[in-house]
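Step one of this worksheet: look at the structure below.
The values are calculated or read from the model by the stated rules, or taken from the named source; none is laboratory data. What you see is a predicted model; the values in this text were computed from it and never measured. All Cβ positions, glycine included, derive from the backbone under ideal geometry; neighbour counts span all protein chains shown.
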(Lines give C-alpha, C1' and ligand atoms only; values in the text may rest on other atoms or scores of the structure.)
Protein backbone atom coordinates (compact mmCIF):
# COMPACT_ATOMS: atom_id res chain seq x y z
CA UNK A 1 0.00 0.00 0.00
CA UNK A 2 2.93 2.31 0.67
CA UNK A 3 6.68 2.37 0.58
CA UNK A 4 9.17 2.72 3.40
CA UNK A 5 11.15 5.91 3.74
CA UNK A 6 14.15 6.98 5.74
CA UNK A 7 13.40 8.66 9.07
CA UNK A 8 13.72 12.43 9.17
CA UNK A 9 16.32 13.73 11.59
CA UNK A 10 14.97 14.91 14.93
CA UNK A 11 16.35 18.38 14.27
CA UNK A 12 13.87 19.01 11.44
CA UNK A 13 11.39 21.89 11.81
CA UNK A 14 13.40 23.41 14.66
CA UNK A 15 12.81 20.43 16.94
CA UNK A 16 16.34 20.43 18.28
CA UNK A 17 17.16 17.28 20.23
CA UNK A 18 13.55 16.29 20.87
CA UNK A 19 12.76 12.67 20.12
CA UNK A 20 10.38 11.97 17.25
CA UNK A 21 7.79 9.31 18.08
CA UNK A 22 5.82 9.31 14.82
CA UNK A 23 6.31 10.94 11.44
CA UNK A 24 4.36 11.09 8.23
CA UNK A 25 6.33 11.04 4.99
CA UNK A 26 4.67 12.02 1.72
CA UNK A 27 1.35 10.82 3.12
CA UNK A 28 -1.64 10.86 0.79
CA UNK A 29 -5.11 9.54 1.57
CA UNK A 30 -7.74 9.39 -1.15
CA UNK A 31 -11.29 8.09 -1.43
CA UNK A 32 -13.05 6.63 -4.45
CA UNK A 33 -16.55 8.07 -4.80
CA UNK A 34 -19.23 8.05 -7.50
CA UNK A 35 -17.98 11.47 -8.52
CA UNK A 36 -14.37 10.30 -8.80
CA UNK A 37 -11.32 10.34 -6.55
CA UNK A 38 -11.25 12.75 -3.63
CA UNK A 39 -7.98 13.49 -1.84
CA UNK A 40 -8.32 13.77 1.92
CA UNK A 41 -4.62 14.40 2.46
CA UNK A 42 -2.06 15.64 -0.05
CA UNK A 43 1.65 14.85 0.37
CA UNK A 44 1.77 15.49 4.14
CA UNK A 45 5.14 15.32 5.87
CA UNK A 46 5.36 16.14 9.58
CA UNK A 47 6.87 14.93 12.84
CA UNK A 48 5.19 14.12 16.16
CA UNK A 49 7.32 14.72 19.25
CA UNK A 50 7.41 12.07 21.95
CA UNK A 51 5.53 12.85 25.20
CA UNK A 52 4.03 16.07 23.92
CA UNK A 53 0.54 17.05 22.82
CA UNK A 54 0.22 17.87 19.12
CA UNK A 55 -3.03 19.59 18.12
CA UNK A 56 -4.43 19.28 14.60
CA UNK A 57 -6.57 22.30 13.70
CA UNK A 58 -8.41 23.53 10.63
CA UNK A 59 -11.93 23.83 9.21
CA UNK A 60 -14.22 20.82 8.81
CA UNK A 61 -13.13 18.49 6.02
CA UNK A 62 -9.54 19.74 5.96
CA UNK A 63 -7.90 16.37 6.71
CA UNK A 64 -7.37 16.46 10.48
CA UNK A 65 -9.31 13.30 11.33
CA UNK A 66 -8.05 11.68 8.13
CA UNK A 67 -4.48 12.02 9.41
CA UNK A 68 -5.46 10.82 12.87
CA UNK A 69 -7.07 7.67 11.48
CA UNK A 70 -4.07 7.01 9.25
CA UNK A 71 -1.89 6.85 12.36
CA UNK A 72 -3.29 3.46 13.38
CA UNK A 73 -4.50 2.31 9.97
CA UNK A 74 -8.20 2.77 10.55
CA UNK A 75 -8.55 3.51 6.84
CA UNK A 76 -7.96 -0.21 6.29
CA UNK A 77 -11.56 -0.61 7.41
CA UNK A 78 -12.82 1.60 4.55
CA UNK A 79 -12.65 -0.21 1.18
CA UNK A 80 -12.87 3.09 -0.74
CA UNK A 81 -9.78 4.54 0.96
CA UNK A 82 -6.26 4.43 -0.46
CA UNK A 83 -3.13 5.40 1.46
CA UNK A 84 0.23 6.25 -0.10
CA UNK A 85 3.44 7.31 1.58
CA UNK A 86 4.55 6.22 5.02
CA UNK A 87 3.96 6.76 8.71
CA UNK A 88 6.85 5.78 10.93
CA UNK A 89 6.29 4.70 14.52
CA UNK A 90 9.78 4.96 15.96
CA UNK A 91 11.71 3.50 13.01
CA UNK A 92 9.01 1.18 11.63
CA UNK A 93 6.75 2.04 8.70
CA UNK A 94 3.29 1.05 9.95
CA UNK A 95 2.19 0.61 6.33
CA UNK A 96 5.02 -1.81 5.61
CA UNK A 97 4.62 -5.51 5.03
CA UNK A 98 4.11 -7.80 7.97
CA UNK A 99 2.80 -5.19 10.40
CA UNK A 100 0.54 -6.76 13.04
CA UNK A 101 -2.54 -4.52 13.12
CA UNK A 102 -3.70 -5.77 16.52
CA UNK A 103 -0.33 -4.92 18.01
CA UNK A 104 -0.24 -1.58 16.20
CA UNK A 105 -3.61 -0.54 17.61
CA UNK A 106 -2.43 -1.50 21.08
CA UNK A 107 0.62 0.75 20.66
CA UNK A 108 -1.45 3.54 19.09
CA UNK A 109 -4.76 3.85 20.93
CA UNK A 110 -7.82 5.84 19.85
CA UNK A 111 -10.36 7.94 21.75
CA UNK A 112 -13.33 9.00 19.65
CA UNK A 113 -15.40 12.16 19.46
CA UNK A 114 -18.33 10.70 21.36
CA UNK A 115 -17.82 8.37 24.32
CA UNK A 116 -18.38 4.78 23.19
CA UNK A 117 -18.38 2.54 26.27
CA UNK A 118 -19.32 -1.08 25.70
CA UNK A 119 -22.67 -2.26 27.17
CA UNK A 120 -20.75 -3.97 29.96
CA UNK A 121 -19.73 -3.16 33.51
CA UNK A 122 -17.24 -0.39 34.22
CA UNK A 123 -14.67 -3.04 35.16
CA UNK A 124 -15.17 -5.12 32.03
CA UNK A 125 -14.91 -2.06 29.78
CA UNK A 126 -11.37 -1.45 31.00
CA UNK A 127 -10.49 -5.16 31.15
CA UNK A 128 -11.71 -5.85 27.60
CA UNK A 129 -8.42 -5.23 25.82
CA UNK A 130 -6.51 -7.21 28.44
CA UNK A 131 -8.72 -10.23 27.90
CA UNK A 132 -8.21 -9.95 24.14
CA UNK A 133 -4.46 -9.96 24.82
CA UNK A 134 -4.85 -13.19 26.82
CA UNK A 135 -4.62 -11.95 30.39
CA UNK A 136 -6.22 -14.58 32.62
CA UNK A 137 -5.00 -13.91 36.18
CA UNK A 138 -7.78 -12.09 38.03
CA UNK A 139 -5.43 -10.21 40.36
CA UNK A 140 -3.27 -8.95 37.50
CA UNK A 141 -6.32 -7.79 35.52
CA UNK A 142 -7.76 -6.06 38.59
CA UNK A 143 -4.48 -4.26 39.25
CA UNK A 144 -4.24 -2.99 35.68
CA UNK A 145 -7.89 -1.91 35.67
CA UNK A 146 -7.39 0.09 38.87
CA UNK A 147 -4.17 1.64 37.59
CA UNK A 148 -5.82 2.64 34.31
CA UNK A 149 -8.84 4.17 36.06
CA UNK A 150 -6.49 6.10 38.33
CA UNK A 151 -4.47 7.35 35.36
CA UNK A 152 -7.72 8.46 33.73
CA UNK A 153 -8.66 10.39 36.89
CA UNK A 154 -11.92 8.52 37.40
CA UNK A 155 -11.06 5.86 40.01
CA UNK A 156 -12.46 7.76 42.99
CA UNK A 157 -15.76 8.26 41.17
CA UNK A 158 -16.29 4.62 40.19
CA UNK A 159 -14.35 2.44 42.65
CA UNK A 160 -17.53 1.49 44.52
CA UNK A 161 -19.53 0.71 41.38
CA UNK A 162 -17.14 -1.27 39.19
CA UNK A 163 -19.78 -3.97 38.60
CA UNK A 164 -22.37 -1.42 37.46
CA UNK A 165 -23.09 -0.70 33.82
CA UNK A 166 -20.79 1.82 32.18
CA UNK A 167 -23.83 3.23 30.38
CA UNK A 168 -24.99 4.72 33.68
CA UNK A 169 -22.05 7.13 33.83
CA UNK A 170 -22.27 10.75 32.75
CA UNK A 171 -20.88 11.78 29.37
CA UNK A 172 -17.67 13.13 30.86
CA UNK A 173 -17.21 10.04 32.99
CA UNK A 174 -17.81 7.80 29.99
CA UNK A 175 -15.12 9.64 28.03
CA UNK A 176 -12.61 9.22 30.85
CA UNK A 177 -13.61 5.55 31.05
CA UNK A 178 -12.85 5.21 27.34
CA UNK A 179 -9.46 6.82 27.97
CA UNK A 180 -8.86 4.31 30.78
CA UNK A 181 -9.79 1.50 28.38
CA UNK A 182 -7.18 2.76 25.93
CA UNK A 183 -4.55 3.09 28.67
CA UNK A 184 -5.08 -0.45 29.95
CA UNK A 185 -3.19 -2.03 27.04
CA UNK A 186 -0.16 0.25 27.61
CA UNK A 187 -0.17 2.33 24.41
CA UNK A 188 2.71 4.56 23.41
CA UNK A 189 0.59 7.02 21.42
CA UNK A 190 -2.98 8.17 22.12
CA UNK A 191 -5.08 9.59 19.28
CA UNK A 192 -7.97 11.83 20.34
CA UNK A 193 -10.61 12.91 17.82
CA UNK A 194 -12.35 15.95 19.35
CA UNK A 195 -12.73 14.18 22.71
CA UNK A 196 -14.49 17.15 24.36
CA UNK A 197 -16.89 18.20 21.60
CA UNK A 198 -19.85 16.36 23.15
CA UNK A 199 -19.07 17.40 26.73
CA UNK A 200 -20.10 20.29 28.96
CA UNK A 201 -17.51 22.90 30.10
CA UNK A 202 -16.85 21.24 33.47
CA UNK A 203 -16.28 17.82 31.91
CA UNK A 204 -14.09 19.47 29.26
CA UNK A 205 -11.86 21.01 31.93
CA UNK A 206 -11.40 17.58 33.54
CA UNK A 207 -10.40 16.03 30.21
CA UNK A 208 -7.95 18.86 29.49
CA UNK A 209 -6.39 18.49 32.94
CA UNK A 210 -6.14 14.75 32.35
CA UNK A 211 -4.39 15.29 29.02
CA UNK A 212 -1.89 17.54 30.80
CA UNK A 213 -1.02 14.66 33.12
CA UNK A 214 -1.01 11.96 30.47
CA UNK A 215 1.51 13.74 28.27
CA UNK A 216 4.18 13.00 30.90
CA UNK A 217 3.94 9.35 29.89
CA UNK A 218 2.30 9.21 26.45
CA UNK A 219 2.53 10.91 23.08
CA UNK A 220 -0.83 12.54 22.30
CA UNK A 221 -2.29 13.73 19.00
CA UNK A 222 -5.59 15.57 19.31
CA UNK A 223 -8.01 16.92 16.71
CA UNK A 224 -9.85 20.01 17.94
CA UNK A 225 -11.99 22.80 16.53
CA UNK A 226 -11.51 24.78 19.74
CA UNK A 227 -8.66 27.25 19.25
CA UNK A 228 -8.52 28.08 22.96
CA UNK A 229 -8.26 24.39 23.79
CA UNK A 230 -5.36 23.90 21.38
CA UNK A 231 -3.60 26.92 22.89
CA UNK A 232 -4.12 25.58 26.42
CA UNK A 233 -3.06 21.97 26.06
CA UNK A 234 -0.80 21.54 23.00
CA UNK A 235 2.94 22.05 22.77
CA UNK A 236 2.83 21.87 18.96
CA UNK A 237 0.04 22.67 16.51
CA UNK A 238 -0.48 21.78 12.86
CA UNK A 239 -2.89 23.70 10.64
CA UNK A 240 -4.60 21.87 7.76
CA UNK A 241 -6.61 23.28 4.88
CA UNK A 242 -8.29 21.30 2.08
CA UNK A 243 -6.03 18.29 2.62
CA UNK A 244 -2.81 20.30 2.78
CA UNK A 245 -0.60 20.75 5.81
CA UNK A 246 -0.18 24.52 5.73
CA UNK A 247 2.23 24.79 8.64
CA UNK A 248 3.27 23.12 11.87
CA UNK A 249 5.28 24.43 14.78
CA UNK A 250 5.30 25.37 18.46
CA UNK A 251 1.78 26.29 19.52
CA UNK A 252 2.82 29.69 20.84
CA UNK A 253 4.37 30.54 17.47
CA UNK A 254 1.43 29.26 15.42
CA UNK A 255 -1.01 31.35 17.44
CA UNK A 256 1.06 34.53 17.79
CA UNK A 257 3.25 34.66 14.70
CA UNK A 258 2.18 32.18 11.99
CA UNK A 259 4.23 32.18 8.80
CA UNK A 260 1.29 31.66 6.44
CA UNK A 261 -1.52 34.19 6.06
CA UNK A 262 -4.07 31.37 5.74
CA UNK A 263 -3.16 30.20 9.24
CA UNK A 264 -3.53 33.73 10.56
CA UNK A 265 -6.90 34.14 8.86
CA UNK A 266 -8.19 30.91 10.36
CA UNK A 267 -6.95 31.56 13.87
CA UNK A 268 -8.38 35.07 13.94
CA UNK A 269 -11.72 33.98 12.50
CA UNK A 270 -11.38 35.38 9.01
CA UNK A 271 -12.05 32.01 7.37
CA UNK A 272 -14.11 28.79 7.84
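Residues in segment 213-239 that are in contact (Cβ under 8 Å) with a residue 40 or more places away in the chain, in a helix (DSSP H, G or I) and surrounded by fewer than 20 Cβ atoms within 10 Å (Cβ to Cβ): 213, 227. Taken residue by residue, segment 246-259 has at least one member that is in contact with a strand residue (DSSP E or B) (Cβ under 7 Å, 6 or more places away or on another chain), assigned to a loop (DSSP other than H, G, I, E, B), over 24 Å from residue 174 (Cβ atoms) and free of Cβ contacts under 8 Å to residues at least 24 places away in the same chain. Across segment 197-205, a minimum of one residue is classified as closer than 18 Å to residue 110 by Cα, touching a residue at least 60 places away in the same chain (Cβ under 8 Å) and out of contact with any helix residue (DSSP H, G or I) (no Cβ under 8 Å at 6 or more places or on another chain).
For segment 91-102, indicate whether the set of residues that are over 24 Å from residue 72 (Cβ atoms) and either touching a helix residue (DSSP H, G or I) at 6+ places or on another chain (Cβ under 8 Å) or in a strand (DSSP E or B) (or both) is non-empty.
Here is the first cut: in segment 91-102, the residues over 24 Å from residue 72 (Cβ atoms) are none.
No, that holds for no residue.
Please find, among 119, 115, the residue that is in contact with a helix residue (DSSP H, G or I) (Cβ under 7 Å, 6 or more places away or on another chain), in a loop (DSSP other than H, G, I, E, B) and farther than 27 Å from residue 224 by Cβ.
Details: 115 fails: farther than 27 Å from residue 224 by Cβ.
Sole residue among the options that is in contact with a helix residue (DSSP H, G or I) (Cβ under 7 Å, 6 or more places away or on another chain), in a loop (DSSP other than H, G, I, E, B) and farther than 27 Å from residue 224 by Cβ: 119.
Being surrounded by 17 or more Cβ atoms within 10 Å (Cβ to Cβ), over 18 Å from residue 222 (Cα atoms) and modelled with pLDDT under 95: is that true of residue 80 here? When the stated conditions are applied, residue 80 does not pass them. Selection of segment 79-94 for residues being touching a residue at least 40 places away in the same chain (Cβ under 8 Å) and within 17 Å of residue 48 (Cα to Cα) yields 85, 86, 87, 88, 89, 90, 91, 93. Looking at segment 85-92, can you tell me whether even one residue there is within 17 Å of residue 24 (Cβ to Cβ), buried (at least 18 other Cβ atoms within 10 Å of the Cβ) and more than 19 Å from the chain's Cα centre (by Cα)? Yes; the residues of segment 85-92 include at least one that is within 17 Å of residue 24 (Cβ to Cβ), buried (at least 18 other Cβ atoms within 10 Å of the Cβ) and more than 19 Å from the chain's Cα centre (by Cα).
Listed by first and then second residue, the pairs with beta-carbon distance under 8 Å, at least 6 apart or on different chains, first residue in segment 113-127 and over 24 Å from residue 194 (Cβ atoms), second assigned to a loop (DSSP other than H, G, I, E, B) and modelled with pLDDT of 95 or more, are 121/162; 121/163; 121/164; 123/162; 123/163; 124/118; 127/184. Residue 150 passes every criterion in (1) touching a residue at least 24 places away in the same chain (Cβ under 8 Å); (2) exposed (fewer than 15 other Cβ atoms within 10 Å of the Cβ); (3) under 29 Å from residue 49 (Cβ atoms) apart from (1). Residues in segment 12-34 that are surrounded by fewer than 12 Cβ atoms within 10 Å (Cβ to Cβ) and either under 23 Å from residue 62 (Cβ atoms) or out of contact with any strand residue (DSSP E or B) (no Cβ under 8 Å at 6 or more places or on another chain) (or both) were compared, and the one that is modelled with the highest pLDDT is 33.
Which residue out of 181, 176, 161 is touching a helix residue (DSSP H, G or I) at 6+ places or on another chain (Cβ under 7 Å), at pLDDT 95 or above and not in a helix (DSSP H, G or I)? Step through it out loud before you land on a result.
Details: 181 fails: not in a helix (DSSP H, G or I); 176 fails: not in a helix (DSSP H, G or I).
Exactly one residue qualifies, and that residue is 161.
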